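I have placed the structure first, in the form of structure tokens, so that the comments after it can refer back to it.
Every number here is computed from the coordinates shown, using simple stated rules; none is lab data. Since this is a predicted model, take the numbers as computed values, not measurements. Here Cβ is always computed from backbone atoms with ideal geometry, including for glycine, and neighbour counts include all displayed protein chains.
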Ligand code: FES
Ligand SMILES: [Fe+2]
């Protein structure tokens, strides 16, 4: 008996079959929602289409503005293989410049010899010392190129390309498309949800990176877009505190989604003034934390806000975690997780111990998630490929994600 084999993901015609399947599942109502075909998570052609039509055109959340705090500050980052540096000019404006020198294309801030963050007056390429300006309207312009007088060279037109960059709720959004429309209108509704948290003033206290995780980026995004898996993946960590089944998923559409999980009664009791401290308790000082959901009406809990294609934010009363996923190939991606706290939090007693515990929790929970993320990718790559996976109502954001993908990719 021979096993049924589907067209391998990279054969001619395979991409159109995958896109046809995307079209079909994206048209299903949630009640009959199905998973994407496995080739959507393994095919190099699909990945190329995603990088061109999504990552090359969409506003991507890449950093926090306070990571580039002052005039002269810089932050190096690579987005889909594009080497970039975010700088802040003397007016306080951010710029996203290419790090590719216009002489012979050296990385002007090579990771081998320069820190990821720091402060600079000008950018000097370490290869032949061409120097670029970082101030205001002249940002990226060549300031000097030694020994170039004896050749015909127009240094006035030599400039590092810049990409559009915006700050939204303290997050740095970047677009690889130089003609991108501003991101604000499509995020307006999410602004209303987040209003009141004052996230633009929150401070980052911890960032951790996981590189080249062996899974397609969408596996990670989907994992981060539902709390259904608390009962399995995080059975001993998150589930007792934030039971996945109590999650209220909002009926969103388009690029962003929200959901809210209240703390369990046990977690709230454990955080009462005489209660024992417990992992993930609602707040640090043993008092009931502020309501942190929508409109100030929710009990203490965790608000999740996601923006496709690569950002999820989880806000609890005394901290927030945001995750940035970035594909590095058809079946690999990077994950960067940052913990933020309200501006006064670092001055509260016992903050250092709180931070140590928080750091341990983030690592533990991410390691739990990685078991699922790697395991799902192994399942998707199995032969014959699986098919017909179904969604629970708690997986509405994944169903919405399919519509987002269909709109961009078809
Ligand atoms: S490559 Fe940068 S100065 Fe030569
Ligand atoms: Fe998780």
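Taking R0 as 41 Å, what FRET efficiency do you get between residue 78 and residue 31 from their Cβ-Cβ distance, rounded to the nearest 0.05? Each step should come with its number before you reach the end.
On the way: r = 41 Å, r/R0 = 1.00.
With a Förster radius of 41 Å, E is 0.50.
Could you check the simple spin-label distance between residue 407 and residue 70, using points 7 Å along Cα→Cβ, in nm with one decimal?
4.2 nm
What is the packing order of peptides 373-381, 94-102, taking the mean over residues of other C-beta atoms within 10 Å and listing the highest first?
Working: 373-381: 17.3, 94-102: 21.1.
The most tightly packed comes first, giving 94-102, 373-381.
At 222 nm, what value in deg cm²/dmol follows for the chain if DSSP H runs of at least 4 each add -39500 (n - 2.57) and the sum is divided by all its residues, to the nearest 500? Don't jump to the answer; show the numbers that get you there.
Working: 7 runs with 88 residues, N = 410.
Calculated from helices alone, the mean residue ellipticity at 222 nm is -6500 deg cm²/dmol.
Order these peptides, 221-232, 180-191, by their mean beta-carbon neighbour count within 10 angstrom, highest first. Display every interim value, and only then the final one.
On the way: 221-232: 20.2, 180-191: 14.4.
By packing density, highest mean first, the sequence is 221-232, 180-191.
For the ranges 150-156, 357-363, what's the packing order if you count other beta-carbon atoms within 10 Å of each residue, average per peptide, and put the highest first? Write down the numbers at each step before the final one.
Details: 150-156: 8.6, 357-363: 15.4.
Going by the mean number of other Cβ atoms within 10 Å, highest first, we get 357-363, 150-156.
Using 16 Å as the cut-off for backbone N distance, which residues of region 49-88 belong to the label zone defined by a point 7 Å from the Cα of residue 332 along Cα→Cβ?
Once the point is set 7 Å along Cα→Cβ of residue 332, 78-82 turn out to lie under 16 Å by backbone N, inside region 49-88.
Classify the chain as rounded, prolate or oblate, taking a ≥ b ≥ c as the square roots of the eigenvalues of its Cα gyration tensor: rounded when a/c is under 1.5, otherwise prolate if a/b is larger than b/c and oblate if not. Working shown, then result.
On the way: a/c = 2.05, a/b = 1.21, b/c = 1.70.
Oblate.
Calculate the FRET efficiency for residue 361 and residue 116 from the Cβ-Cβ distance with a Förster distance of 25 Å, rounded to the nearest 0.05. Kindly include the intermediate steps, with their values, before the conclusion.
Details: r = 24 Å, r/R0 = 0.96.
For residue 361 and residue 116, the calculated efficiency is 0.55.
Projected area of region 189-409, taken from the Cα convex hull and averaged over every viewing direction, in nm²?
Numbers: hull surface 49.2 nm².
If I average the Cα hull's projected area over directions, I get 12.3 nm².
What length, rounded to one decimal in nm, is gained on full extension from residue 212 through to residue 371, with 0.36 nm per residue of separation minus their alpha-carbon distance?
Numbers: separation 159, 0.36 × 159 = 57.24 nm, distance 1.44 nm.
Stretched out fully, the residue 212 to residue 371 stretch lengthens by 55.8 nm.
For a label point 7 angstrom out from the Cα of residue 266 toward its Cβ, which stretches of region 296-317 have the backbone nitrogen within less than 18 Å?
Correct set: 301-302.
Using a Förster radius of 25 Å, what is the FRET efficiency between residue 390 and residue 236 based on their Cβ-Cβ separation? Nearest 0.05, please. Don't jump to the answer; show the numbers that get you there.
Values: r = 26 Å, r/R0 = 1.06.
FRET efficiency, residue 390 to residue 236: 0.40.
Want the number for residue 105 to residue 53: 0.36 nm per residue separation, take away the alpha-carbon distance, what's left?
On the way: separation 52, 0.36 × 52 = 18.72 nm, distance 2.59 nm.
In short, 16.1 nm is gained.
First check a/c for region 129-276, with a ≥ b ≥ c the square roots of the eigenvalues of its C-alpha gyration tensor; if it is under 1.5, answer rounded, and if not, answer prolate when a/b is larger than b/c or oblate otherwise.
On the way: a/c = 2.68, a/b = 2.52, b/c = 1.06.
Prolate, since a/c reaches 1.5 and a/b exceeds b/c.
I need the shape label for region 60-167. Rule: rounded when a/c is under 1.5, else prolate if a/b > b/c, else oblate, with a, b, c from the alpha carbon gyration tensor. Don't jump to the answer; show the numbers that get you there.
On the way: a/c = 1.89, a/b = 1.59, b/c = 1.19.
In terms of gyration-tensor shape, prolate.
Once you place label points 7 Å from the Cα toward the Cβ at residue 138 and residue 245, how far apart are they in nm?
6.6 nm
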